[in-house]
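Report on one structure; see the data block that follows.
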Amino acid sequence: MRYADGPGTHCEVVVRAPVERVWALVTDIEVPARFSPELQRVAWLDGADGPASGARFEGHNSRASIPHWRTVSEVVELAEHRTFGWAVMDADGRFGTPVTDLAGAAARWRFDLTPEDGGTRVRLSAVIGPGPSGVLQAIEARPEAEEKIVAHRLGELRTGMTVTLDGIKSTAEAGG
């Protein structure tokens, strides 16, 4: 797996709640931050107060290896009750030259919802690269370990996705 090829991963969960309830949770950008081990807080930018095509939000993240960084994301896919996707950019230049162009996104994320047997199948997926990120920084420092670095990061993302999806499932099934 090479970073330039846009490696990705996904996780799924079936939620025993109607798609409308699950949709409200996955499009409320503050909900994933309540559960994610990496995403600490989020806020809409430019006067936006909810998901809309082109709307932007900032995310504040932290991991043991990188104590704090901010990203700016832009909503790139929005189909009500079906798909919510966004591209993540290093707008502050934390990992190199600042990026505000979607073509230089550090990652792309999306929730896909599918009604299933009175509940909702939720798929959370992420593709990393090609833009600047901590992963790319690590690869540049140790190019011989690129595949191992990418595999490690995808594993971290899967762990975070599982925790986030479990939190969304619990909240939705509790009527939240």
Subject >> Residue tally, condition among the acidic types (Asp, Glu) and modelled with pLDDT of 95 or more, over the stretch 82-115 >> reply: 1
Subject >> Extreme residue, farthest from the chain's Cα centre (by Cα), among residues of the stretch 38-61 that are in a loop (DSSP other than H, G, I, E, B) and surrounded by 13 or more Cβ atoms within 10 Å (Cβ to Cβ) >> reply: Ala48
Original post:
Given the conditions (1) touching a Gly at 6+ places or on another chain (Cβ under 7 Å); (2) under 24 Å from Asp92 (Cβ atoms); (3) of a type outside the set (A, V, I, L, M), and given that Arg16 satisfies all but one, which numbered condition is not satisfied?
Top reply: (2)
Original post:
For the stretch 154-165, does any single residue satisfy the condition of being within 26 Å of Met1 (Cβ to Cβ), buried (at least 20 other Cβ atoms within 10 Å of the Cβ) and more than 17 Å from the chain's Cα centre (by Cα)?
Top reply: no
Original post:
Quick check: anything in the stretch 129-150 surrounded by fewer than 13 Cβ atoms within 10 Å (Cβ to Cβ) and closer than 28 Å to Leu25 by Cβ?
Top reply: no
Original post:
When you scan the stretch 73-176 for strands (runs of 3 or more DSSP E) that lie fully inside it, which ones turn up with 2 or more residues that are in contact (Cβ under 8 Å) with a residue 40 or more places away in the chain and more than 24 Å from Leu45 (Cα to Cα)?
Top reply: 107-116, 119-128
Original post:
Which of (1) within 25 Å of Gly129 (Cβ to Cβ); (2) touching a residue at least 40 places away in the same chain (Cβ under 8 Å) does Arg21 not meet, given it meets every other one?
Top reply: (1)
**OP:** Identify the residue in the stretch 1-29 that is among the acidic types (Asp, Glu) and at pLDDT 95 or above and, among all such residues, is surrounded by the fewest Cβ atoms within 10 Å (Cβ to Cβ).
**Re:** Glu20
Original post:
So how many residues does the stretch 84-112 have that are more than 15 Å from the chain's Cα centre (by Cα) and surrounded by fewer than 22 Cβ atoms within 10 Å (Cβ to Cβ)?
Top reply: 12
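The values are calculated or read from the model by the stated rules, or taken from the named source; none is laboratory data. For clarity, every value in this text was computed on a predicted model and none was experimentally measured. Cβ: placed from backbone, ideal geometry, glycine included. Neighbour counts: every protein chain shown.
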